[in-house]
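What follows is a single structure, written as structure tokens, with notes after it.
The values are calculated or read from the model by the stated rules, or taken from the named source; none is laboratory data. All of these numbers come straight from a predicted model, not from anything done at the bench. Positions of Cβ are backbone-derived with ideal geometry, glycine not excepted, and every protein chain shown enters the neighbour counts.
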Amino acid sequence: MAVKVEAALKKGIEFHKAGHIEEAKKLYTAILEVFPGHPDANHNMGALAFGIGDFKASLAFFKTALAVKSTKAQFWISYIDALIHLKKIGDAKAIFVEAKQKGMTGKAFTELEQRLHKAQQDVGSGFKNQDPPRDKLQNLFNLYTHGKLQKALDDSKELLREFPNSAILYNINGTVNVGLQLFNEGMNSFKKALKIKPDYVEVHNNMGIAFKDQGDQEKAIKSFKQAIEIKPDFYEAYNNIGVVLKDQGDQEKAIENYEHAVKIKPDYVEAYYNMGNAFKTQGKLEEAIEAYNKAVSIDPDYFKAYNNLGNSLRERGKLEDSIDAFNKALIVNPDYAETHNNMGITLQEMGKLQEAIEAYNKAVLINPKYAEGYNNMGNTFRNQEKLEESLGAYSKALSINPNYADAYNNMGNSLREIGKLEEAIEAYNKALSIKHDYADIYWNLSLINHLRGNLIDGFELYEYRLKKEEITVRPARIPFKWDGKQSLRGKHFLVYEEQGLGDTIQFCRYLPLLEEKGAKVSFKVKSKLHQLLGTLKTKADFLSEMPLDERIDFESPLLSLPYLFGTSLSTIPGQNPYLYAQEDVFKTWKKTLSGDTFKIGICWQGSKRPLDIGRSFPLSLFEGISKIPTVELINLHKGEGNKQLEEISFLLTTLGSQFDSGPDSFIDTAAVMMNCDLIITSDTAVAHLAGALGCQTWVALKYIPDWRWMLDRTDSPWYPTIKLYRQKIRGEWIDVFKKMEKNLRDLLKKANTSSDSGASPPIDI
């Protein structure tokens, strides 16, 4: 029974703090029915009565609490305060003396003595603080808590005509006015309340909240501090100061105030929740997680804390834990659309795309005006390559919020993927009209320019990638920025990698161009590429770590070099090949791959990043090519895609566990490629390596490919030995492979015919 009573008391206090007065009252009453003398339940019932101005009822409860537990200072303070409000100043003075005799001291009692002295003066001057009857105040309070603000306002005005000296009535009237967006009227009421009762801390706090909601942050903080001056342990004001400081961007000071609040009140759940939000804004995810966990340990029903905990866990990479937190939030509040939406985001990151769609559907079913839910649903559809469905979701988001720049951007991406470039540009421009500095839009416009072969404008706009929020590479810093015109003679130029391995392989060709201008070049790049890049005709130093600033004169991310050199279709650095296999490794694989077969190195699957969706194709599509006489397929693929080896029935030469198993990337791959007659690959780093090595290569491309392959062309200006095979229908690979198979059969037949006639020309692939 004791456990149940304490649990009921704790829950009642939570309701009390949250303003759910009736719920709190029910729980306190239930406790008193079992234990009429329960000191805390009596005290808290007294506090409820005191809060609505029923000081007579509060006095009875406070008296009972004090009689049972006279060692608790707050019980004495509450009892004396009730006597003061009932104008029983003599009784209040007597009880105060008794409290002092029993050892009650401290700042709170000093402040109580001041209130008692002021009350005595007010009585002596004939001043009256007249309050309405309890039932009328209770009715006002009920109207306010149930959202019937206009009725509460009308009733409070009527009561003020009858009780013009009621501070509590002016406080209620002010709060209701502010709730109705009648800020000036609310402030006037608060000021009248303070004229009657200058030390009314709740009014100072409410004024602060009103100022905050109006955007007047300085006045808000001033009001909260005034409340604290009157009552130094007024933890709500510390929390509210923290909220304002967070909005101002001062997360550190905000956290200090939240910490002060919980120091006063260790179970102050709101402060822990707000503290978590501030830590999350700082990117201090572990601290945020700790604060949210503290909040839900105090209040297991705090679904918003669970929701934000889930978001922090997701950002921390703890996806399963994130889902668990969201589920706990939904147990408490199954109709919280934001949590369904956030769960969808986590499920999407986990690759559970259909489950993500279901989560977003729940979010928008609960809140049909939830534009963000529709936008996220569109992104997931896009990740599933369901582009028409994604466009429908984005359109729905925009019908709800016509100024949703992200939705216009995402719509543009889907339109680009289905080849509607003009419509994509229109969507991007709409996003820019809403958000002029939207770096992602300029990035996306750069991709369209590249697809159309306009490299000059494409690379200029491509520089906006460095302003994208999620970018991980630093832009060239102002003191070290090269404008493409300054002399590099005798200068030390630092270049640093960015994006994927394929990008590094494609654009490392620019390093010799810097050397031609007289620069000493250092290239900060993953150590696993050092050996491969060591075959590049350059004297560049390959570094694993950034050098000290004093060692460099200029710097640039790798993919900014095409822009700095003003690259167009006609000025792409043309040396080919520009990378080479190591001779000893080449010879080793030549012995391993001996024989008269026509050797084709193949790769079928790339990254599973959203950016790379649609580039991969099933290994099984090589079956037709495998049946061509003399053809030998050689597996160049590493990683997850090799699971498909179990599903095929045709022969495929695998190169063993030692194939590129060391710390260096592509050393064996490059040598094997050089021993092949042809490479057939998806759009992966393998394609770029094959092109850089000058290998005859066929690349299978999705309907709208990555920007560097452009549109319509069968060749690549970046790699002269690459031939491009493009989808004619989005998502359809069968025709691509049928065409490759036919071309290969024709070429081999032609070669055999030439051989029979005594000639041995090379096969033009």
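Of all the residues in segment 7-50, those that are at pLDDT 85 or above and not in a helix (DSSP H, G or I) number 4.
When segment 527-576 is filtered for residues that are within 37 Å of the chain's Cα centre (by Cα), under 30 Å from residue 661 (Cβ atoms) and surrounded by 14 or more Cβ atoms within 10 Å (Cβ to Cβ), the ones remaining, listed by number, are 528, 529, 530, 532, 533, 542, 543, 546, 558, 559. One residue is enough: does segment 97-105 have a residue meeting the conditions outside any helix (DSSP H, G or I), over 22 Å from residue 130 (Cβ atoms), at pLDDT below 85 and aliphatic (A, V, I, L, M)? Yes, segment 97-105 has at least one match. None of 120, 130 is surrounded by fewer than 18 Cβ atoms within 10 Å (Cβ to Cβ) and outside any helix (DSSP H, G or I) except 130.
Based on this model, can you work out whether residue 69 counts as closer than 19 Å to residue 137 by Cα, touching a helix residue (DSSP H, G or I) at 6+ places or on another chain (Cβ under 9 Å) and surrounded by fewer than 20 Cβ atoms within 10 Å (Cβ to Cβ)? So residue 69 does not fit the description; no. Residues that are within 41 Å of the chain's Cα centre (by Cα) and surrounded by fewer than 16 Cβ atoms within 10 Å (Cβ to Cβ) occur in segment 150-159; there is at least one. Within segment 707-744, being part of a loop (DSSP other than H, G, I, E, B), in contact with an Asp or Glu (Cβ under 7 Å, 6 or more places away or on another chain) and basic (Lys, Arg) holds for one residue alone: 728.
Filtered by the rule that a residue be touching a residue at least 12 places away in the same chain (Cβ under 8 Å) and among the charged types (D, E, K, R), segment 515-536 gives 515, 517, 520, 524, 526, 528. Any residue that is over 29 Å from residue 117 (Cβ atoms), in contact with a Gly (Cβ under 6 Å, 6 or more places away or on another chain) and crowded, with 19+ Cβ neighbours inside 10 Å - is there at least one of those in segment 14-26? The answer is yes, given that some residue of segment 14-26 is over 29 Å from residue 117 (Cβ atoms), in contact with a Gly (Cβ under 6 Å, 6 or more places away or on another chain) and crowded, with 19+ Cβ neighbours inside 10 Å. Elements of the type helices (runs of 4 or more DSSP H) sitting completely within segment 287-362 and holding at least 1 residues that are under 24 Å from residue 397 (Cα atoms) and within 13 Å of the chain's Cα centre (by Cα): these cover 303-315, 337-349. Suppose we filter segment 480-502 for residues that are free of Cβ contacts under 8 Å to residues at least 24 places away in the same chain and either in the same structural domain as residue 699 (by TED's automatic domain parsing) or surrounded by 14 or more Cβ atoms within 10 Å (Cβ to Cβ) (or both); how many remain? The number of residues fulfilling the criteria is 0. When residue 581 is tested against (1) farther than 30 Å from residue 745 by Cα; (2) in a loop (DSSP other than H, G, I, E, B), exactly one condition is not met: (1).
Sub-6 Å Cβ pairs linking a first residue in segment 424-449 that is not assigned by TED's automatic domain parsing to the domain that holds residue 395 to a second residue that is at pLDDT 95 or above and of a type in the set (Asp, Glu), at least 6 apart or interchain, are 449/457, ordered by first then second residue. Residues that are within 21 Å of residue 444 (Cβ to Cβ) and part of a loop (DSSP other than H, G, I, E, B) do occur in segment 408-419. Taken together, the residues in segment 591-602 that are at pLDDT below 95 and touching a helix residue (DSSP H, G or I) at 6+ places or on another chain (Cβ under 8 Å) amount to 1. Looking only at segment 146-158, decide whether some residue is modelled with pLDDT under 90, in a helix (DSSP H, G or I) and not aliphatic (A, V, I, L, M). No, every residue in segment 146-158 fails to be modelled with pLDDT under 90, in a helix (DSSP H, G or I) and not aliphatic (A, V, I, L, M).
Checking each residue in segment 269-288 for being surrounded by fewer than 23 Cβ atoms within 10 Å (Cβ to Cβ), within 26 Å of residue 234 (Cα to Cα) and of a type in the set (A, V, I, L, M, F, W, C) picks out only 269.
Note on segment 714-753: among residues that are within 23 Å of residue 576 (Cα to Cα) and under 39 Å from the mean Cα position of the chain (by Cα), the one that is surrounded by the most Cβ atoms within 10 Å (Cβ to Cβ) is 719. Going by the conditions given, is residue 272 touching a Lys or Arg at 6+ places or on another chain (Cβ under 6 Å) and either of a type in the set (Ser, Thr, Tyr) or part of a loop (DSSP other than H, G, I, E, B) (or both)? Taking the combined requirement at face value, the residue satisfies it.
Scanning segment 444-486 for residues that are β-branched (Val, Ile, Thr) and within 23 Å of the chain's Cα centre (by Cα) gives 471, 472, 473. Checking every residue in segment 364-380 against the condition of being over 28 Å from residue 732 (Cβ atoms), among the aromatic types (Phe, Trp, Tyr) and surrounded by 17 or more Cβ atoms within 10 Å (Cβ to Cβ) gives at least one match. Look at (1) exposed (fewer than 14 other Cβ atoms within 10 Å of the Cβ); (2) of a type in the set (A, V, I, L, M); (3) touching a residue at least 12 places away in the same chain (Cβ under 8 Å) and you find that residue 57 fails only one, number (1).
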